[in-house]
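One structure is given here, and the rest of the page talks about it.
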Amino acid sequence: MAKIDKFLSTMVGRGAPILRLDPGDVPVLEQPGGHRTTLNTQELLGTVLDGLAKEILPPELETSYLRGEKVTFDHVFEGERFQVLLCRTSLGTRLVIGRSGPAVGASPLAAAASGGKSLGRIEAAIQRLLKEGASDLYLNTDEPPVIRRDGRLEPLADMAPVGAKDLMDLLRPWVPAKAQEAFQTGQDVEFSHLDPALPCRVRLGLYHDANGPSASLRVIPRQVPEAAVLGLSEPVRRLACLSQGLVLFTGPLGSGKTTTLSSLLDLAIRSRKDFVVSIHDAIEFELGGSGNGLVRQREVGREGRRQHQALRAALRQAPDLLVVDELRDPEAIDLVLQAAHAGLVVFAVLRTTSLVDTLAFLVDGFPRERQPVVRARLAGCLKAIVGHTLLRRPSGGRSAALETLFNTPAIADLIREDKLEQVPAAMRQGRYGQVPHNEALLQLIRNGGVEPMEAYLRCQDRESFIAACKKAGIEFDPRREGQITTDV
């Protein structure tokens, strides 16, 4: 019995069609529908995976394997056939194993490799994405395309793997010359594309991984969603009427931050004759088509130096409202705080997951001797933080839970005094617009927008969430009921 067969036994027992073993990472099972589950084992060393691979590698493929080529072969375990893909990396051997025995139908790997259809032109790929009702498309060298639908990854098993050359040929019509040149020198690039033949804008990211070039594509509606459609509360909508101060939109990648921000911007542009300067990594929503104000949108990519230059240039233009796609470093944060402190309205995005993390991120990157000044400036100019958590709806689609903090004198004092851990408690004592994270989740549960277990898996503090459910009269305790609480 080969050592790899222990993994295959677990794979079969859990009904997973694909097993991934990567050096330096824990084993991952891909469940039907694209769900991923990690096995409760230690990270695998590259030398261990080398041994697993060599034990089952057919002799006729050994030379190709040692040359660093990808090799594919069949392995039989307990009467079931598995297709094995081996790839050597700098850290060790990577193994991807798919079930292909008669009992479970064709293997996803084998189907794609032998009879899968090509994506064809990039426009056809986007049309397929829209047809599937998905938000993202991932193209990785020598793997079938993968889509994200309702937050879950789903391999397109009827599509053939995309080779490195085919991937670049597919995307080349949409890649600007400067981005293509930067990518060829080893840089990762982001940009957006608007095709008149498509009902959407597409945000693209090109990057390099161990296998070769890869790409992620996200479809963005052409129309900015209205605040009422998004279900934004009245206190959040009023942020569009601010005359000065800083508003932060926070949450993980893909949680709806840009959508909320763009909806509020659209409100502001329609109701005010303001000059708006918006700085993006890659433009998603196009603003100002029928508004009263003057709007200038700039696409600068993810390079910090270009973002800093764009921010300084924007401040010299004296806008009424400044928008920054994402704050990533102290220099950008400092420029934004200066702008808000000088009387501008500033909307900015942060990839943070809690209020305390957000406030700490804004301060901790600065030298210790500067932090008191930064905290004082932040306390004086911060108006609100709108935190985003995206959850799956039982009937399909997703809903956003919005945690909202509005700055008060008490909260401002805590920021100045570096007592950030006390901010959530002070927030709960307030009234206007204050919505703690657990309360935002409970609102969705009460409205039937999400199941309690889905909210439990996305909450920031599970013990306090269970207590909040009990207080709200919602019968939910996964510990008592024995429900599975493993993140997927």
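Cβ-Cβ contacts under 6 Å between residues 6 or more apart (or on different chains), taken from a first residue in region 77-90 that is farther than 22 Å from Gly15 by Cα to a second residue that is surrounded by fewer than 19 Cβ atoms within 10 Å (Cβ to Cβ), are listed as Cys87/Lys70; Arg88/Gly68; Thr89/Ala210. Restricting Asp158, Asp188, Asp142 to those that are over 26 Å from Leu391 (Cα atoms) and more than 24 Å from the chain's Cα centre (by Cα) reduces the list to Asp158. Of all residues being assigned to a helix (DSSP H, G or I) and more than 13 Å from Leu248 (Cβ to Cβ) in region 333-355, which is most open to solvent (accessible area, probe 1.4 Å)? Just the residue, please. Once the filter is applied, the top-ranked residue is His341. When region 301-332 is filtered for residues that are part of a loop (DSSP other than H, G, I, E, B) and either out of contact with any strand residue (DSSP E or B) (no Cβ under 9 Å at 6 or more places or on another chain) or surrounded by fewer than 21 Cβ atoms within 10 Å (Cβ to Cβ) (or both), the ones remaining, listed by number, are Gly301, Arg302, Glu303, Gln317, Ala318, Asp320, Glu326, Arg328, Asp329. Here is the figure for region 397-412: residues that are open to solvent by less than 70 Å² (accessible area, probe 1.4 Å), in contact with a Lys or Arg (Cβ under 9 Å, 6 or more places away or on another chain) and of a type outside the set (S, T, N, Q) total 2.
Counting the residues of region 240-285 that are assigned to a strand (DSSP E or B) and either basic (Lys, Arg) or out of contact with any strand residue (DSSP E or B) (no Cβ under 8 Å at 6 or more places or on another chain) (or both) gives 0. In summary, helices (runs of 4 or more DSSP H) completely within region 395-462 and bearing 2 or more residues that are in contact (Cβ under 8 Å) with a residue 40 or more places away in the chain and either touching a His at 6+ places or on another chain (Cβ under 9 Å) or more than 24 Å from Thr259 (Cβ to Cβ) (or both) occur at 409-416, 423-429.
Checked against (1) open to solvent by 70 Å² or more (accessible area, probe 1.4 Å); (2) touching a strand residue (DSSP E or B) at 6+ places or on another chain (Cβ under 8 Å), Glu55 passes all but condition (2). When the criteria are applied in full, Leu382 fails the requirement of being buried (at least 22 other Cβ atoms within 10 Å of the Cβ), among the hydrophobic types (A, V, I, L, M, F, W, C), out of contact with any strand residue (DSSP E or B) (no Cβ under 6 Å at 6 or more places or on another chain) and within 19 Å of Glu326 (Cα to Cα).
The values are calculated or read from the model by the stated rules, or taken from the named source; none is laboratory data. Nothing here was measured: the structure is a model prediction, and the numbers come from that model. Because the Cβ atoms are built from the backbone with ideal geometry, glycine has one as well, and the counts that use them run over all protein chains shown. Surface areas here come from the heavy atoms of the whole protein model, side chains and all, with no ligands, DNA or RNA. Shrake-Rupley method; radii C 1.70, N 1.55, O 1.52, S 1.80 Å.
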